[in-house]
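The values are calculated or read from the model by the stated rules, or taken from the named source; none is laboratory data. Note that the structure is a prediction, hence the values are computed from the model and not measured. When we count neighbours, we look across all protein chains shown, and the Cβ atoms used for this are built from the backbone with ideal geometry, even at glycine. Quick note on the areas: whole protein, heavy atoms, side chains included, nothing else; ligands and nucleic acids left out. Shrake-Rupley method; radii C 1.70, N 1.55, O 1.52, S 1.80 Å.
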Amino acid sequence: MSGTVTLANGKAFNGKWHGKASAIQGEIVFFTGMTGYEEVLTDPSYKGQIIVFSYPLIGQYGIQSLYAQSDLIQASGIIVANLYEGPLCNEAISLAAFADNHSIPILSGVDTRSVIQNIRDSGTMQSQLLHESFSELAWEPVQTHFFPATQTTQELQTIGNGATHIGLIDFYYKSSILKQLLLLDCKVTIIPYATPTEQLDRLGLDGLLFSNGPGDPAALQQLFPTYRDWAERYPSFGICLGHQVLASAFGAKTTKLAYGHRGANHPVMNLQTKRVSMSSQNHSYVVESDSLTPTPFSVLYKNVNDGSIEGLVHDTLPVTTVQFHPEAAPGPTDHLELFEQFLNVAKQQEGVKVHA
């Protein structure tokens, strides 16, 4: 069976279709890491997107649930140059079988270098992934809204019994964030992003971690005053979308990158230490530098490649944010120390914070 990926700029690329015949539409993005396709496909920040993998061979070590970042494949479609279909070890299942189990199509044999060059030239855009038996769909705009609350945590869930109680604000968090908090002896309560403040205050939290998630942070603007209130009273740490949300809550603006940062090899510089380290990233939006002037934030990290903001620190409050993923999954673990730094601040603030 054959299929086609058609970009909104009119370019089309043919390949071999794997999975059930279907026709899907979604924002097309590319990932530059050499490994980590398991984590990428199950990362909620990729929800609804069609992912092009730049590494030429994908699927060579199969799929093991140990590395899944959620229970589902979050992407809508997968595009690769070569799909590995040979033998596997360690009881892994094949990528093709994993995708088919979740009704997600794979298009292999695609000239992925040309697809990625088109994205770099035209910017991230809408695309259609079509089985040979389907006709072109009516074109829709690129998704910018935040997904409905029915698709995130609906009830408070508490996991672990550690000494430090952290509230994980759920914008579709990656499981590796939760795992890292538990490894550091935390009690973690997963909190729906629209939870009433009164309910949050009754939990006896020591700090808040604002998670990653999909879509445009501006779609959550009606909750920005609430998030600012929380961050002004609890030690807070924002990751990816959580970084953008906290910056926006204090008055900053965000803008969309031409084709985003998605990979496991993005260099960032800590402006306080001048240390450069590698980071794992997956985002379309960034905080605008000029919009920080009236806010109480200073830039903590910058991207070495394009100079975009990669992290912020509040001038007076225990609030820190990073655009990249310190928990990696996939990628380098250069920034795991940021979790410990956050927890150390949360412990110091215990008994001092004032709740409403």
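What percent do you get for the relative contact order of the chain when only Cα pairs under 8 Å and 6+ apart count? Over the chain, the number comes to 15 percent. Per residue, region 202-336 exposes 34 Å² of accessible surface when a 1.4 Å probe is rolled over the protein heavy atoms with every protein chain present. Under 25 Å of direct C-alpha separation, and excluding same-chain neighbours fewer than eight residues apart, residue 302 reaches these lysines: 174, 253, 256, 274.
Ordering 335, 266 by accessible area with a probe of 1.4 Å, largest first, what comes out? Show your work: numbers first, answer last.
Working: 335 5, 266 25 Å².
Order by accessible area, largest first: 266, 335.
The charge dipole of region 148-293, taken about its Cα centre with unit charges on the Cβ atoms of Lys, Arg (+1), Asp and Glu (-1) only, comes to about 480 debye.
Between helix 224-233 and the chain there is an angle of about 50 degrees, using the helix long axis and the longest principal axis of the Cα atoms. Dipole check for region 1-80: with +1 at the C-beta of Lys and Arg, -1 at the C-beta of Asp and Glu, and the Cα centre as origin, the magnitude is about 340 Debye. Across region 174-190, coupling constants 3J(HN,Hα) worked out from phi with the 6.51/-1.76/1.60 Karplus curve, θ = phi - 60°, read 7, 5, 5, 5, 4, 4, 5, 5, 5, 4, 9, 6, 9, 9, 10, 10, 7 Hz, and Gly and Pro carry x.
The residue among 133, 21, 69 whose Cα reaches farthest toward the positive pole of the charge dipole of region 1-143, with charges on the beta-carbon of Lys, Arg, Asp and Glu, is 133. Not counting ligands, DNA or RNA, and with a 1.4 Å probe, what is residue 301's accessible surface area in Å² rounded to the nearest 10? For residue 301, the solvent-accessible surface is approximately 10 Å².
The structure-derived value of Rg and Dmax of the Cα atoms in Å appears in the list [x] 20.3, 64; [y] 19.2, 67; [z] 28.0, 98 under the label [x].
For residue 16 and residue 258 in one chain, what is 0.36 nm times their gap in residues minus the Cα-Cα distance, to one decimal in nm?
On the way: separation 242, 0.36 × 242 = 87.12 nm, distance 2.87 nm.
Result for the pair: 84.3 nm of gain on full extension.
Between residue 101 and residue 316, full extension at 0.36 nm per residue minus the direct alpha carbon distance yields a gain of 72.4 nm.
How charged is the neighbourhood of residue 189? Take every other residue with its Cβ under 14 Å from the Cβ of residue 189, and add Lys/Arg as +1 and Asp/Glu as -1.
Details: positive: 187, 202; negative: 155, 170, 201, 206.
It works out to a net charge of -2.
Summarising the label geometry, the points placed 7 Å from Cα in the beta-carbon direction at residue 265 and residue 305 lie 1.0 nm from one another. Each label point was placed 7 Å from the Cα along the Cα-to-Cβ direction; for residue 1 and residue 157 their separation is 3.2 nm. Stretching the chain fully between residue 273 and residue 203 yields a gain of 21.6 nm (0.36 nm per residue, less the alpha carbon separation). Computed from Cα positions, the angle between helix 112-122 and the longest principal axis of the chain comes to roughly 60 degrees. Taken about its Cα centre, the chain carries a charge dipole of about 360 debye when Lys and Arg each add +1 at the Cβ and Asp and Glu each add -1 at the Cβ. Going by accessible surface with a 1.4 Å probe and the largest first, 186, 89 read 89, 186.
Heavy atoms only, probe 1.4 Å: what % of the accessible area of the chain goes to carbon and sulfur, would you let me know? Mind showing how you got there, number by number?
Values: 7250 of 14590 Å².
With neighbouring chains kept in place, the figure for the chain is 50 percent.
Taking 20 °C and 1.002 mPa s as conditions, region 1-138 diffuses translationally at an estimated 145 µm²/s according to Stokes-Einstein applied to its Kirkwood radius (Cα pairs). Note on residue 23 and residue 111: the model spin-label points, each 7 Å out from Cα along the C-beta direction, lie 2.5 nm apart.
Projecting the Cα atoms of 196, 273, 239 onto the dipole axis of region 189-326, where Lys and Arg carry +1 and Asp and Glu carry -1 at the beta carbon, places 273 farthest toward the positive end. Amide H contacts under 5 Å for residue 22: 131, restricted to partners 5 or more places along the chain or on a different chain, H placed in the peptide plane at 1.01 Å from N.
Where a ≥ b ≥ c are the square roots of the eigenvalues of the C-alpha gyration tensor, would you call region 80-213 rounded, which needs a/c under 1.5, or, failing that, prolate if a/b is larger than b/c, or oblate? Please report the intermediate quantities before stating the final value.
Details: a/c = 2.70, a/b = 1.75, b/c = 1.54.
Since a/c reaches 1.5 and a/b is larger than b/c, the shape of region 80-213 is classed as prolate.
Net charge of the neighbourhood of residue 293, taken over other residues with C-beta under 13 Å away and scored Lys/Arg +1, Asp/Glu -1, is -2.
Between residue 82 and residue 347, what FRET efficiency comes out of the Förster formula 1/(1 + (r/R0)^6) with R0 = 35 Å and r the beta carbon distance, rounded to 0.05?
Details: r = 49 Å, r/R0 = 1.40.
Computed FRET efficiency for residue 347 and residue 82: 0.10.
Once the Cβ-Cβ distance of residue 182 and residue 67 is raised to the sixth power relative to R0 = 25 Å, the FRET efficiency obtained is 0.95. Taking all protein chains together and rolling a 1.4 Å probe, residue 45 ends up with roughly 10 Å² accessible.
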